[in-house]
Amino acid sequence: MEGAAVGSEPLYLRVERDLASRISDGAWQPGDYLPSEQALQQRYQVSRTTIRKAVGDLVIDGLLEIDRGNGTRVTRGRDHQPDANIMSFSASMRAMGRRPGVRNTHACLCEAEAAEQASSEVVDSSRRLVHISRVHTADDDPVSASESWLPASAFAGVDVEGIAARESLYTELSALDVGITRVSDRYGIAEASQTEAALLDVAPGTPLLCVDRIGYTANNRPIETSRIVVRTDLYRPTITTRSR
């Protein structure tokens, strides 16, 4: 049955791992385009949704990039990568052998004027915003809580609550052709509020890593503003930078 696991492994993860292995083995060289979605569906005998999730995760992980109008291609390697990869919680948890998930998901429409924490860059581009809040888990332990604000126009006719409940928001945005390819993160330390403490199972006032983010599409349009608070006793994100 489509979407079911093979053993205990979801279909999209099986596809994702096989694609990553083929790239590592040189089946597709940097700059090469992957076969079409239809060809990948036939190869793996899965739905388009499963292919898009697998490919979307590999885009977030930096192995693939979407070339609008042409397809999806293998990234060209270190010389062509940005200074640091976008932090992917789901990919990091899987690399650590832990099971990522989300809970306490909520999505709603709000007027831009009411979104006090949203960046003016995103607010100025849209009069109405979608507000998405989620708790990210690893093996069911609450690790981080996030709030995101995005232009409502990007979600016309879309089940926003359904998107909020899925594992990777950025994968879902890629499927809507508003994928985030660059982010600007500002890091700090914040004391857990009463609400954050309840969501993350910590005492109020516990120091948390705080990330204020603006996400941009490939054409440099600001599409997302978000605030993420992280329990550093359970997860410490790693940022790798490279000399030019």
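The values are calculated or read from the model by the stated rules, or taken from the named source; none is laboratory data. Keep in mind that this is a model prediction, so the values were computed, not measured. Glycine gets a Cβ as well: all are built from the backbone with ideal geometry, and neighbour counts include every protein chain shown.
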Filtered residues of the stretch 213-223 (kept if touching a residue at least 40 places away in the same chain (Cβ under 8 Å) and either in contact with a Lys or Arg (Cβ under 7 Å, 6 or more places away or on another chain) or hydrophobic (A, V, I, L, M, F, W, C) (or both)): I214, A218, I223
Members of the stretch 207-221 that are surrounded by 15 or more Cβ atoms within 10 Å (Cβ to Cβ) and at pLDDT 85 or above: L208, L209, C210, V211, D212, R213, I214, G215, Y216
Cβ pairs under 6 Å, 6+ apart, first in the stretch 6-23 and assigned by TED's automatic domain parsing to the domain that holds V55 and part of a helix (DSSP H, G or I), second of a type in the set (S, T, Y) and at pLDDT 85 or above: L11/T50; Y12/T50; V15/Y44
Pair list, Cβ < 9 Å and 6+ apart or interchain, from the stretch 145-165 residues that are in contact (Cβ under 8 Å) with a residue 40 or more places away in the chain to residues that are in a helix (DSSP H, G or I) and β-branched (V, I, T): A145/T195; W149/V122; W149/V123; L150/V122; P151/V122; A152/V160
Selection count, the stretch 53-73, where residues are assigned to a helix (DSSP H, G or I) and under 13 Å from P35 (Cα atoms): 1
Test: residue in the stretch 100-110 that is modelled with pLDDT of 90 or more and under 13 Å from the mean Cα position of the chain (by Cα): yes
Output for the stretch 34-64, where each listed residue is crowded, with 17+ Cβ neighbours inside 10 Å, among the charged types (D, E, K, R) and at pLDDT 85 or above: R52, K53
Residues that are assigned to a helix (DSSP H, G or I) and either closer than 16 Å to R128 by Cβ or touching a Cys at 6+ places or on another chain (Cβ under 6 Å) (or both), drawn from the stretch 150-190: A152, S153, A154, F155, V160
Search result, residues across the stretch 168-198 that are among the aromatic types (F, W, Y) and surrounded by 18 or more Cβ atoms within 10 Å (Cβ to Cβ): Y170
